[in-house]
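Asker: Just passing along the structure, written as structure tokens.
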Amino acid sequence: MLEIVNERPPIWDQAHRVFEIDDSRTVYTYGDKLYNPAGCYLDPEIIAHENVHYVQQGKTEGGPKAWWDKYLVDAEFRFIQEAEAYGKQYQFYCQRNGDRNKRARYLFLLSEILASPMYKLGISAGTASREIQYYADKCY
């Protein structure tokens with residue numbers, strides 16, 4: 001279970017050197033803490049997303065530090081980690097919302113975020129959408 005703290009994460013400076021970050025809404029998982037520096041509202045879908053990162057970090061040899069070290073420099077690794085987390089976020093949303101039009105709009109929104117310059121992945125929203133859907137369809 002993630003503990004939510006309204007503080008900057010240990011990787012704050014490194015992340016800001018690598019990514020174009022919107023400090024008003026970006027959150028970070030490092031180990032068993034979900035860092036929410038802006039203190040913004042976190043909907044259950046975001047928490048589901050961040051829980052995936054918690055599990056990913058726990059499975060990584062060297063733990064959160066090793067995971068973040070790789071995440072910050074390896075775009076392919078970052079893409080897989082985020083696609084899985086966005087897949088879980090989308091899956092969670094769909095479990096709570098039966099309207100297919102709302103689901104489609106939410107998938108589009110998540111795809112646009114994953115394909116945005118923030119992640120520096122150089123992918124299209126279509127590619128992001130396919131990967132999010134793939135991970136959402138997998139059993140967790």
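Read-outs throughout are calculated quantities, based only on the coordinates presented, and are distinct from any laboratory measurement. What you see is a predicted model, and the numbers here were worked out from it, not measured in a lab. As a convention, Cβ positions derive from the backbone with ideal geometry for all residues, glycine included, and neighbour counts pool all protein chains shown.
Asker: Which is farthest toward the positive dipole end of the range 3-137 among 47, 73, 14, measuring Cα position about the Cα centre, with Cβ charges +1 (Lys, Arg) and -1 (Asp, Glu)?
Answerer: The residue sitting most towards the positive pole is 47.
Asker: Leaving out same-chain residues fewer than 8 places away, which aspartates and glutamates sit with a Cα under 15 Å from that of residue 88?
Answerer: 43, 45, 50, 131, 137
Asker: Hand me the chymotrypsin sites (Phe, Trp or Tyr not before Pro) from the range 1-68 located in a DSSP loop with no more than 11 other Cβ atoms within 10 Å, in residue order please.
Answerer: Hits after loop and neighbour filter: 41.
Asker: Using unit Cβ charges (K, R positive; D, E negative) and no other charged atoms, how large, in debye to the nearest 20, is the dipole of the range 3-137 about its Cα centre?
Answerer: 320
Asker: Compute the helix-to-body angle for 100-114: its Cα long axis versus the longest principal axis of the chain, expressed 0 to 90° and rounded to tens.
Answerer: 30
Asker: Would you list which lysines come within 16 Å of residue 70, measuring only between C-alpha atoms, while excluding same-chain residues fewer than 8 positions from it?
Answerer: Hits, sequence-local ones excluded: 59, 120.
Asker: With a 10 Å Cβ neighbour count serving as the proxy for reagent exposure, in which order, fewest first, do 129, 116 appear?
Answerer: Sorted ascending by nearby Cβ count, the order is 116, 129.
Asker: Nearest 500 deg cm²/dmol is fine: what mean residue ellipticity at 222 nm does the chain get from its DSSP H runs of n ≥ 4 alone, each adding -39,500 (n - 2.57), divided by its residue count?
Answerer: Mean residue ellipticity at 222 nm (helix-derived): -19500 deg cm²/dmol.
Asker: Would you grab the residues whose amide H sits under 5 Å from the one on residue 30? Only those 5+ places off in sequence or on another chain, please, with H modelled 1.01 Å from N.
Answerer: When sequence neighbours closer than 5 places are left aside, the close amide H contacts are 35.
Asker: Which value, in debye to the nearest 20, gives the size of the charge dipole of the range 67-125 about its Cα centre, when Lys and Arg are +1 and Asp and Glu are -1 at the Cβ?
Answerer: Value, rounded to 20: 360 debye.
Asker: Please state the Cα pair-distance histogram of the chain with 10 angstrom bins from zero: what percent is in each bin?
Answerer: 12, 43, 38, 7, 0
Asker: What are the trypsin sites (Lys or Arg not before Pro) within the range 96-140 that DSSP puts in a loop, where the Cβ has at most 16 other Cβ atoms within 10 Å?
Answerer: Qualifying residues, ordered by number: 120, 138.
Asker: Right, another one. Please list, by residue number, every one of the GluC sites (Glu not before Pro) in the range 26-67 that is coil in DSSP and has at most 11 other beta-carbon atoms within 10 Å.
Answerer: Answer by residue number: 61.
Asker: Would you work out which of 107, 89, 29 lies farthest towards the positive end of the dipole of the chain, given +1 charges on the beta-carbon of Lys and Arg and -1 on that of Asp and Glu, about the Cα centre?
Answerer: Of the candidates, 107 comes out farthest on the positive side.
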